[in-house]
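Only one structure is covered here, and it is reproduced in the block below.
No lab work stands behind these numbers, since they all come straight from the coordinates. Quick caveat, the model's predicted, so the values are computed rather than measured. As a convention, Cβ positions derive from the backbone with ideal geometry for all residues, glycine included, and neighbour counts pool all protein chains shown.
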Amino acid sequence: MLALSFAAFCALCVVTRAPMADALVYRAEGAAVAHGTDLYGFTVTEWQLPATYPPFAALLFVPTAWLPPDALKVAFVAGNVALLAVLVRLSCRLAGLPERLPAVCAATALALWLEPVFQTVLFGQINVAVACLILWDLTRPPGAPGKGIALGIAAGVKLTPALFIAYLLLTRRRGEAATAASAFAGTVLLGALALPAASVDFWTRRLYETDRVGKAWIVDNQSLQGLIARALGEPSPGLAWALPAVAIGCAGLRLARRADDDRWGDDDGRAGDDRWAGDDRWGVLLTAFTALLISPISWSHHWVWCVPLIAVLYAGQRRRLAATVTAVFTARTLWLIPHQGDLDLQLPWWQQPLASPYPLLALALLLALAADRPALGGIRACRPPLSSPIPPRPAARPRR
């Protein structure tokens, strides 16, 4: 299945002459670092795309400048498919599912056609790599050497993973949070030492130019801001987006902390709700989807976190719900509606859900878990694997 799926994807890339524009941007960033040119002063491809990542990321892209464009595209396709298999395996570990090789290969073959994953590979993006760094770090046993470093590096590349540092703090894992924050600070320092002018330019100017990344109101943007902009027909929703984003950010982190609290028991020492027993899989997912919602721009290919979400739903015996979520992330409804020019801002009411399927699904997930709906009780019934790193709670000593 994996071989056939990979062959079909490669054939599609050849037939459509996929430009893999993001990979070419990374190559240009690496070349700018290697040749000492202005990192944020160029645009490449027919879409005139600029560099948008921190200087540290550009340092990591230097090897891409050594490859010709065609070889780079082949390397990105093969590398992303290999990383997708890693993401599937890490998702199984998060969900407590067996990591058998045939099942991982079959799941990878199917996951390749999920819209966020498909777009990531087609554009030559690094979303799967970032998700792998985060999941690998968070699924390691407590006290593992250097736990938090990979998370900090992921935040140094794409910034939005920094919300996981707040999650670690809220769940009283201060050592891991400090390690992740130190690793993130190290990426900033390394970028400043290697590229001082570019670092000043990015952290004082480019970081706040969201229009530089792209138009927030187009259907490509599946964040809360994109949803609200299209619903209001307003390119810059301002406070109409900022205030709900703050509220959802606080609510999402609170729910993530609640998942962790109930994992160990309530604050008064009593055992927590049995349906929340297990590891912090829901805390991780809630933090990921909260970050995607509140980010000013979350392109559709950023939602590769659908892979661990489907795995956790499947492990929780919610097969129909897992199939529904899979259908949402496969249907590509956002590309079926008129979206040329400014048509994204003129959508009728019945097309709004089709234009914003991912933020609406994430909001529904947050609301369902906040309301503790009985219909979703099976979601929380997933149990950790026998090899779960979380130690059992000690039994109470009998009174003499």
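Exposure proxy ranking for Asp260, Asp201, Asp38, based on other Cβ atoms within 10 angstrom of each Cβ and starting from the fewest, stands as Asp38, Asp201, Asp260.
Taken one residue at a time, the phi angles of the stretch 192-204 give Karplus couplings (6.51, -1.76, 1.60, θ = phi - 60°) of 5, 5, 7, 9, x, 5, 5, 5, 4, 4, 5, 6, 9 Hz. Gly and Pro are set to x.
In order along the stretch 122-132, phi translates into HN-Hα couplings of 5, 8, x, 8, 10, 4, 5, 5, 5, 4, 5 Hz, rounded to whole numbers, per the Karplus curve 6.51 cos²θ - 1.76 cosθ + 1.60 with θ = phi - 60° and x for Gly and Pro. Counting only residues at least eight positions apart within a chain, or on another chain, the lysines with an alpha carbon under 27 Å from that of Lys147 are Lys158. For the stretch 30-187, a crude dipole built from +1 on the beta carbon of Lys and Arg and -1 on the beta carbon of Asp and Glu, taken about the Cα centre, is about 680 debye to the nearest 20. Couplings 3J(HN,Hα) of the stretch 302-319, computed from phi: 6, 7, 5, 5, 5, 5, x, 4, 5, 5, 5, 5, 5, 5, x, 6, 9, 5 Hz, in residue order, whole Hz [Karplus 6.51 cos²θ - 1.76 cosθ + 1.60, θ = phi - 60°; x for Gly and Pro]. Taking the Cα centre of the chain as reference, the dipole from Cβ charges on Lys and Arg (+1) and Asp and Glu (-1) amounts to some 1540 debye.
Of the trypsin sites (Lys or Arg not before Pro) found in the stretch 66-165, those that fall in a DSSP loop while having at most 14 other beta-carbon atoms within 10 Å are Arg100. For Leu49, the residues whose modelled amide H falls within less than 5 Å of its own, excluding neighbours fewer than 5 places apart on the same chain, are Val44.
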